[in-house]
1. What is the sum of charges, Lys and Arg at +1 and Asp and Glu at -1, for the other residues whose Cβ falls under 10 Å from the Cβ of A:ARG208?
2. Peptide A:333-345: average number of partner chain Cβ atoms within 10 Å per residue?
3. Near A:GLU314, within a Cβ-to-Cβ distance under 12 Å, what is the net charge of the other residues, with Lys and Arg +1 and Asp and Glu -1?
4. Nearest 100 Å² is fine: how much accessible area is buried between A and B, summed over both sides, with a 1.4 Å probe?
5. Determine the sum of side-chain charges near A:ALA20: Lys and Arg each +1, Asp and Glu each -1, restricted to other residues whose C-beta is under 14 angstrom from that of A:ALA20.
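The values are calculated or read from the model by the stated rules, or taken from the named source; none is laboratory data. Here the structure is a predicted model, which means the values were calculated and not measured. Cβ placement follows ideal geometry from the backbone for every residue including glycine, while neighbour counts extend to all protein chains displayed. These area figures cover heavy atoms from the full protein model, side chains too; ligands, DNA and RNA do not enter into them. Shrake-Rupley method; radii C 1.70, N 1.55, O 1.52, S 1.80 Å.
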Amino acid sequence: MARFPNSHPMPPELQGEPDAADLERTWALLGSIEPISQGKGRGEGEGLALDRAWQRLEAAMEGDDIVTEHPSVSLQPVSPQPFKPQPVSPHVDRRQGRSGRGSIRRNSWPGLLLAAASVAALALGVTAFSSVTVEAGPGALTQVSLPDGSSAELNSGSTLTHSRWALPWGGGARTVRLTGEAYFDIVAASRLFTVETFNARVVVLGTRFNVRARDEMGGGTDVALETGRVRLEARSTALVRDPGGRAAVELEPGQGAGIPLGAVAPGPPALVTVERATAWRARGFAVTDRPLDAILRELERRFAVEIQVAPGVELGDTLTLHYTDPRDIRTILGDVATARGLRFRETSRGFEVF
Amino acid sequence: MGGGEAHSSGQAHSSGQADLLSFWFRRVVASDREAFESLFRATHDGLVHFAASILHDEGTAGDVVQEAFLRLWQRREEHDPTGSVKALLYRTVRNLALNVLRDGERRERLLEERADLPGAGAPSPDEALDARVLEERLRRWIAELPDRQREALLLSRFEGLSHEEIGRVMEVAPRTVNNHLVRALRALRERASAHGFTAHLEG
């Protein structure tokens, strides 16, 4: 068998044939003509040819016409996708002047108990010419309209960066960057919509889903899918470490999956109660099996308060809480304290748990 | 992760390459140009050879492959990054090449040219010992295989695609790919032993 180079092994399927041994010899015999090509082999000149081929492609990618070295051949024309920036979406400008008002979407709640709610949702300006960053400050919820007609609702203490235009070419058109938590309602389109977080990428077609990406103890990126279909994959840094890994899972409606902080791949999809994952949208508060530390941080963000923790309080203990309606922070803290055998008191800036 | 599969070293090599390709592909779908260049450099020559096997013209084959990569880049966001980029590229190249064949009157010319290939005269025993002769013969015999068989053989033996991937390129079931391959290999074996290359075929 060593007579011929044999870089591609015979496929395992052929081993099942009655004359597998003969097939294998014939397979090996074909190694004498590798690489198969018309005329020249893959010699030194080929590297240069490859460079030239790449340069030619790069030129075409820049929008130039393909340099056709063989004009006698007519290829199917490349479907034209000219650079076509659309006018700046009006919502971007509108946001500048709508501090606070737009931060609270639901006006049907029975009286808002939170002083924090008066804290405006900050609509930040532009981080770069081509992208827009929107922030929901502490205590605020903010709605974002995306250039492609999709929308997102940001939880307190979250930011979302999206491209200003729906570019046909730029790659960023349907990709947004999320820090924190948001609920997305994505309009269907032929192109994939992607949410990037610090450790994950959520790839979707038209769908509604929640993403929570908190880079903190007990955090990570968690996705809960309401309708449609999404794929959750680890981001490139994780893939570099584990290029062969199946770093993606697909979710069905009613399922959730997450990539915990420090993990390189998503956990398996599991049934979730989407109403819980999205309770924050109606100013409810729901956490499932999260460490006390993460819960207190979430309360800080949601209610725009500081919560101090006395030494000795075990922050790693996990807890599950679920309020569908808006609650006063005192109610929630009281329940947390009761569940953990702790107490809390009000301070000038917020609360202390001890 | 399929864990627990035993690989021969050869298979481990090609599965390592598959990992790399799918890693680049995922980056390409996320608009990473460097990954695109890596993918291009790793697969370009194989694609040109494959296109040339359909078109019998390396220049045109190069054009077709350029077009295929350009389309891959322009529509990168539409692709499922977990799919096989090899299957995608080879299928695109194949379709483009077949379009070129269909479009042109080249087809008739090609058929004439193929008829002009030197006939398979009975080899002398001396010839049979000459590796260069063997190589030429093998090339000719491959060229004489039915199109589908030749295509499956080239993609499997020389481009390293799996049955699954070839099935997607040729738009047939993997089982059919296997049939084409087995028939191609048996035909080549028959030819080789009829022409006195038996020494090469004995274990």
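1. Cβ neighbours under 10 Å give a net charge of -2.
2. Across A:333-345, the average partner-chain Cβ count within 10 Å equals 0.
3. Net of charged neighbours comes to -1.
4. Chain pair A/B: roughly 6900 Å² of buried accessible area.
5. On the way: positive: A:ARG25, B:ARG186, B:ARG189; negative: A:GLU13, A:GLU17, A:ASP19, A:ASP22, A:GLU24.
Around A:ALA20, the charge tally is -2.
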